[in-house]
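What follows is a short report on a single structure.
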Amino acid sequence: MNNEKQIFQIPRGRAVFLDRDGVINRALERDGKPYPPTSLAEFEILPEVPAACAKLKAAGFLLIVATNQPDVGRGTLTREVVEKIHAHLTAKLPVDRVEVCYHPGKGLSDCDCRKPKPGMLRRAARELNIDLAQSWMVGDRWRDVDCGHAAGCRTVFIDRGYAEELKQPPDFSARNLAEAVDIILAHPEHL
């Protein structure tokens, strides 16, 4: 009789990482730049988002929000407000996890989690057994695209027409999350 223990490999999952502001909810724009809502009252989930998220869940993806919220680190927004927004978001959408970087950026912090660094995606991948090569990053800023590339994900850029240049080209571009989901589901080599 063989006394060796059998090791079973749990299959790795697939995820779609979603930026928050400008992808899930309406970003507040000033001078061509997007800003996060500063209260739950300002947080508005975009109309196409619930159905788009449902399609991704039906296709077997984990949905993970990955968001920089540097205003908390800068002292201009409280963590309590951000957590209320995320509680509302997770109550309304089939999101599996919210990853947040609260560090201030602008040279005031050196962390591995602030996009464009891939720390939030890698942490979620480790803890949830996600195959990053079979996953996607969807965002509306250059930091999201660069983060997705750094993590080894495919990227979809939602072009909101901000006064900001991309640093790397995304794999695909879309006008909103519904179009991004159609792109993701049209590429079965990554399903």
Completion exercise
Subset of segment 93-109, residues at pLDDT 95 or above and among the hydrophobic types (A, V, I, L, M, F, W, C), comes to 93, 95, 98, 100, 101
Completion exercise
Given the conditions (1) at pLDDT 95 or above; (2) under 16 Å from the mean Cα position of the chain (by Cα), every one holds for residue 113 apart from (1)
Practice task
Could you identify the single residue in 122, 143, 160, 126 that is surrounded by 15 or more Cβ atoms within 10 Å (Cβ to Cβ) and either among the hydrophobic types (A, V, I, L, M, F, W, C) or without any contact (Cβ under 8 Å) to a residue 60 or more places away in the chain (or both)?
Solution key: 122
Exercise for the section: Output the number of the condition that residue 37 fails; it satisfies all remaining conditions of (1) under 20 Å from residue 141 (Cα atoms); (2) surrounded by 14 or more Cβ atoms within 10 Å (Cβ to Cβ); (3) in contact (Cβ under 8 Å) with a residue 60 or more places away in the chain; (4) touching an Asp or Glu at 6+ places or on another chain (Cβ under 9 Å). Expected result: (3)
Handout entry: Matching residues, segment 148-157, being outside any helix (DSSP H, G or I) and either of a type in the set (Ser, Thr, Tyr) or surrounded by 19 or more Cβ atoms within 10 Å (Cβ to Cβ) (or both)
Key = 153, 154, 155, 156, 157
Problem - Looking only at segment 85-119, and only at residues there that are closer than 26 Å to residue 12 by Cα and among the acidic types (Asp, Glu), the one that is surrounded by the fewest Cβ atoms within 10 Å (Cβ to Cβ) - result: 112
Problem - Residue, modelled with the highest pLDDT, within segment 155-182, restricted to residues that are over 14 Å from the mean Cα position of the chain (by Cα) and of a type in the set (Ser, Thr, Tyr) - result: 173
Problem - Hits in segment 2-33 (condition: of a type in the set (A, V, I, L, M, F, W, C) and either at pLDDT below 60 or exposed (fewer than 12 other Cβ atoms within 10 Å of the Cβ) (or both)) - result: 7, 8, 10
Fill in the blank from the handout: For segment 54-78 the number of residues that are surrounded by fewer than 18 Cβ atoms within 10 Å (Cβ to Cβ) and in contact (Cβ under 8 Å) with a residue 40 or more places away in the chain is 4
Handout entry: Number of positions in segment 70-97 that are touching a Phe, Trp or Tyr at 6+ places or on another chain (Cβ under 7 Å), within 19 Å of residue 111 (Cβ to Cβ) and either assigned to a loop (DSSP other than H, G, I, E, B) or not basic (Lys, Arg) (or both)
Key = 2
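In segment 134-147, how many are in a helix (DSSP H, G or I) and touching a Gly at 6+ places or on another chain (Cβ under 7 Å)? Explain how you work it out, then say what you get.
Here is the first cut: in segment 134-147, the ones in a helix (DSSP H, G or I) are 134, 142-147.
Still in the list and also touching a Gly at 6+ places or on another chain (Cβ under 7 Å): 145.
So the answer is 1.
The values are calculated or read from the model by the stated rules, or taken from the named source; none is laboratory data. These numbers were taken from a predicted model, which means no experiment stands behind them. FYI the Cβ positions are ideal-geometry reconstructions off the backbone, even for glycines, and counts take in every protein chain you see.
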